[in-house]
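The values are calculated or read from the model by the stated rules, or taken from the named source; none is laboratory data. All values reported here derive from a predicted model rather than from experimental measurement. Cβ placement follows ideal geometry from the backbone for every residue including glycine, while neighbour counts extend to all protein chains displayed.
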């Protein structure tokens, strides 16, 4: 058993604790420690990616308590991919924040590290209750990060965000309670076996629990009836926080992918594919309404937040198809959209900083002194996020469009994806012309660009989609392998439960009267 | 006993949801507390109801399931922290927005449906 698997959780925890202890005047040292810790996550995640790339599951039993009694961490291709993505997004975000945004309050870096700990834990855990705990860890860090810097808009958005997620946590616990009451386990691999073997008398309760879980994950992922909190929350957050939040919705998508392939997937007997009937229409509606919302946005940050919703709709529509091609395309698109929307949030922060009192609102204002570099970056980011060639958004969309099986589904998917793509292009060109071209005669605003803020933005907005599109083949091969692994959950179950020793008789008796 | 416990949990959830749907932060926080109490009881009851059953492995005779008790303990701790955070946030929003409305609108310009 390799101890490497738990390091992505332990490393941010330790550095977060160290960061809490330091005096608030020692900001430089805190920045260095936080940057170093985030930087170390990247080679660590890449090593885990290498470990998982041979297709074997790496199982880590916490405290050496064997599954299903103890909590296990499971590393497979998908988990490793998400860890790499988190590290790739977190590094530019914390780098950008270290140029001044972290000085507007206390403990930015500690909260940032705790958030990373929650994210990494949620991707690694193989136990549903542990998933709840890591959700709470990342949520409470995100509450504080969202409010970081203070102000009326943040308090208002934060109140909605916190209250909604608290209600969501209660629903999560109810779903877990029902699952435990019926099956007597919360280990995902064990649950997969128990759910597949469920009798008709238990199927009703399990069905309710499955849909309740879907509701909770959909709230995190911002699916149609549950996305109204997202635009206000994300546009109120400071730029590096919003950039990191680009992966928060993807945690919901990840949980949906994990639970509805492993536990309630095609092999789940009476409960096979329970979520699909809901996911498909809601995801398409989310896609369309997100694009319309982008068109109606009054400032750049809100626009990017709606583009996050568009990407969630795209991903979940592909996920609900359950074909290896669609799932592989969705994972590729997930990499692209997370990095690019994170970068666009950083870019919105830069534009806001350089446009004087007008901020990033779409109103006529003075020309920016730093118009050319910011304008070029915005153009590249818009091309990437709208899915135009030659950047990775185009590759991702193309793969998804060809992955949908012919028939009624294809007609719907093509119509909605292409239609919302067009609306997105209109929204982005409107935003670009308002921000960069529709200027008045007043004195140009802005000051010298900070190259250390420009570099991380450039990395996410331009370099990431370019590299993803240049190396599309190896990345697609990896996501294809990850999708294939996901769709054969028997391997996961066998790896976690292993050649199980016979259960001790006392434990079998306990609990069931 | 099962009927009584489930009715009580149902009543608590109903009260919690009702309070949650009010538009003022104080009832909303009370509703969340009510809801999390109901959820804790629900989790606890998932280990089956019974009297005088120790949660110990290895005893002779009937024992109760220790796992839901451990889950409840975790849920209580997390719920407590979250409630504390929600209360602090509600107080802060109240002082910053000069209103205890969850949308932060002032009492005068409320546009209907505001709970009063």
Give B:113, B:47 a once-over and let me know the one that is surrounded by 13 or more Cβ atoms within 10 Å (Cβ to Cβ) and either modelled with pLDDT of 75 or more or more than 22 Å from residue A:131 (Cα to Cα) (or both). B:47
Options A:213, A:166: the member that is under 21 Å from the mean Cα position of the chain (by Cα), under 17 Å from residue B:43 (Cβ atoms) and away from every other protein chain (no Cβ under 14 Å): A:213
Can we say residue A:107 is surrounded by fewer than 21 Cβ atoms within 10 Å (Cβ to Cβ) and either free of Cβ contacts under 8 Å to residues at least 60 places away in the same chain or at the interface with chain B (Cβ under 8 Å from one of its Cβ atoms) (or both)? no
Yes or no: residue A:36 touching a helix residue (DSSP H, G or I) at 6+ places or on another chain (Cβ under 9 Å) and surrounded by 13 or more Cβ atoms within 10 Å (Cβ to Cβ)? no
Before we move on, is residue B:4 more than 16 Å from residue A:173 (Cα to Cα), surrounded by 19 or more Cβ atoms within 10 Å (Cβ to Cβ) and at pLDDT below 95? no
Does the range A:378-392 hold any residues that are under 14 Å from residue A:339 (Cα atoms) and more than 23 Å from the chain's Cα centre (by Cα), and which are they? none
Condition check: within 20 Å of the chain's Cα centre (by Cα) and buried (at least 23 other Cβ atoms within 10 Å of the Cβ). Does residue A:12 satisfy that? yes
Collect the residues in the range B:60-82 that are in contact with a helix residue (DSSP H, G or I) (Cβ under 8 Å, 6 or more places away or on another chain) and either surrounded by fewer than 16 Cβ atoms within 10 Å (Cβ to Cβ) or more than 9 Å from chain A (Cβ to nearest Cβ) (or both), keeping them in residue-number order. B:62, B:69, B:72, B:76, B:81
Given A:177, A:158, which one is over 20 Å from residue B:71 (Cα atoms) and surrounded by 22 or more Cβ atoms within 10 Å (Cβ to Cβ)? A:158
Can you tell me which of (1) more than 9 Å from chain B (Cβ to nearest Cβ); (2) at pLDDT below 90 is the one residue A:184 doesn't meet? (1)
If I filter the range A:162-172 for residues that are at pLDDT below 95 and under 27 Å from residue A:103 (Cβ atoms), do I get at least one hit? yes
The range B:91-102, residues that are facing another protein chain (nearest Cβ under 7 Å) and either over 24 Å from the mean Cα position of the chain (by Cα) or part of a helix (DSSP H, G or I) (or both): B:92, B:93, B:96, B:97
Among the residues that make up the range A:502-512, is at least one of them at pLDDT below 90 and away from chain B (no Cβ under 14 Å)? yes
State whether the residues of the range A:313-324 include one that is in a loop (DSSP other than H, G, I, E, B), surrounded by fewer than 24 Cβ atoms within 10 Å (Cβ to Cβ) and in contact with a strand residue (DSSP E or B) (Cβ under 6 Å, 6 or more places away or on another chain). no
Listed residues A:73, A:145; which is farther than 18 Å from residue A:8 by Cα, at pLDDT 90 or above and either more than 10 Å from chain B (Cβ to nearest Cβ) or out of contact with any helix residue (DSSP H, G or I) (no Cβ under 7 Å at 6 or more places or on another chain) (or both)? A:145
Checking the structure you have, find out if any residue of the range B:89-103 is in contact with a strand residue (DSSP E or B) (Cβ under 6 Å, 6 or more places away or on another chain), crowded, with 16+ Cβ neighbours inside 10 Å and either on the phi > 0 side of the Ramachandran plot or touching a residue at least 40 places away in the same chain (Cβ under 8 Å) (or both). yes
